[in-house]
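The values are calculated or read from the model by the stated rules, or taken from the named source; none is laboratory data. This structure is a prediction, so every number in the text was calculated from the model and none was measured. Cβ: placed from backbone, ideal geometry, glycine included. Neighbour counts: every protein chain shown. Please note that ligands, DNA and RNA were not included when accessible areas were found on the heavy atoms of the full protein model with its side chains. Shrake-Rupley method; radii C 1.70, N 1.55, O 1.52, S 1.80 Å.
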Amino acid sequence: MIILKTDEQIEKMHAAGKLLAQVHKELRKRIVPGVTTMELDKFVEEYLLERGAYPEQKGYQGYPYAICASINDEICHGFPRNEPLKEGDIVTIDMVVRLDDALADSAWSYGVGEISEEKQRLLDATKESLYKAIDQVKVGNRLGDIGHAIQSYVEPLGYSVVRDFIGHGIGRNMHEDPQVLHYGKPGRGQRLMEGMVFTIEPMINTGGYEIKMDDNGWTARTKDGSMSAQYEHTLALTKDGVIILTEQED
Ligand code: MF3
Ligand code: CO
């Protein structure tokens with residue numbers, strides 16, 4: 001069941017989203033060769049707690065950390081670690097912020113120092129696919145238009161769309177209906193309505209879309225060892241159109 005949100009709820013989620021965007025802007029400066037993702041995890045947790053917010057992923061179904069930090073061939077739910085990031089790595093930081101009982105969810109991929117052209121192209125295409133999908137978020141369109149916008153953009157570039165993880169409605173709970181697939185057919189699926197709040201979070205691989213799970217039971221990586229990137233925003237569809245609740249203003 002899709003729970004439509006009031007303007008007031010959306011405003012509170014927007015406040016959570018603005019704080020989350022601020023955290024990503026802080027991370028931008030801190031993601032350099034030599035930093036560890038465990039240090040980034042500590043930074044995020046403290047930054048949020050100091051501001052009266054909570055890193056909602058910590059404790060969610062037993063997940064142990066404030067952030068997910070997924071490096072190179074890791075698709076999502078990478079555990080922060082004590083090993084330093086290296087020049088040329090790509091890392092996706094995903095987090096959910098709870099502020100004043102409202103949630104927002106956003107992941108962002110970063111290059112560490114100088115990265116290869118191949119990796120830069122993957123980051124650019126993945127981010128572009130998210131914004132092409134956001135362009136489809138309007139009353140009267142359907143969920144299939146969102147998935148199609150992503151798939152039809154990245155596949156001709158030789159990339160694949162991960163199937164096993166999807167976007168989701170978000171509200172009181174981190175995961176609500178609807179399920180938002182990052183592939184699909186235009187004009188199909190659930191109609192988009194005013195008051196819907198959900199994420200779009202394409203995970204795009206340079207190789208095939210098949211995954212394999214690590215022994216920790218959480219981390220998914222590409223089966224073929226190819227590189228993976230992800231950009232995620234939380235979106236609200238209002239009478240004035242789509243609002244990107246987690247947008248990072250420069
Ligand atoms: N932020 C993730 C999402 O997009 C949730 C990660 S699962 C968690 O849905 F356990 F790490 F929280
Ligand atoms: Co999400």
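Quick notes on this one:
- Equivalent ellipsoid of segment 148-250: semi-axes from √(5λ) of the C-alpha gyration tensor, largest first, are 26, 17, 14 Å.
- Stretched out straight at 0.36 nm per residue, the stretch from V32 to Q61 would grow longer than its current Cα-Cα span by 7.4 nm.
- MRE, 222 nm, helices only [DSSP H, n ≥ 4, -39500 (n - 2.57), over the chain, to nearest 500]: -9000 deg cm²/dmol
- Distance between the pseudo-spin-label points of D240 and E118 (7 Å out from Cα toward the beta carbon): 4.5 nm.
- Per residue, the chain exposes 44 Å² of solvent-accessible protein surface, assessed with a 1.4 angstrom probe and all protein chains in place.
- Listed residues A16, S152, Y54: farthest to the positive end of the dipole of the chain (Cβ charges): S152
- Hydrophobic, long helices, defined as DSSP H runs whose alpha-carbon span along the helix axis is 15 Å or greater and whose mean Kyte-Doolittle value is at least -0.5, occur in the chain at 37-50, 143-154.
- Extreme residue, positive dipole direction of the chain, given options M174, G34, P64 (C-beta unit charges): M174
- Taking the Kirkwood radius as Rh and the Cα radius of gyration as Rg, segment 1-155 has a ratio of Rg/Rh equal to 0.99.
- Carbon/sulfur fraction of accessible area - segment 7-244, other protein chains in place, 1.4 Å, %: 46
- Each Lys and Arg adds +1 at its Cβ and each Asp and Glu adds -1 at its Cβ; summed about the Cα centre, segment 7-244 shows a dipole of about 400 debye.
- Sorting 181-193, 219-231 by their mean Cβ neighbour count within 10 Å, with the most densely packed peptide first, gives 219-231, 181-193.
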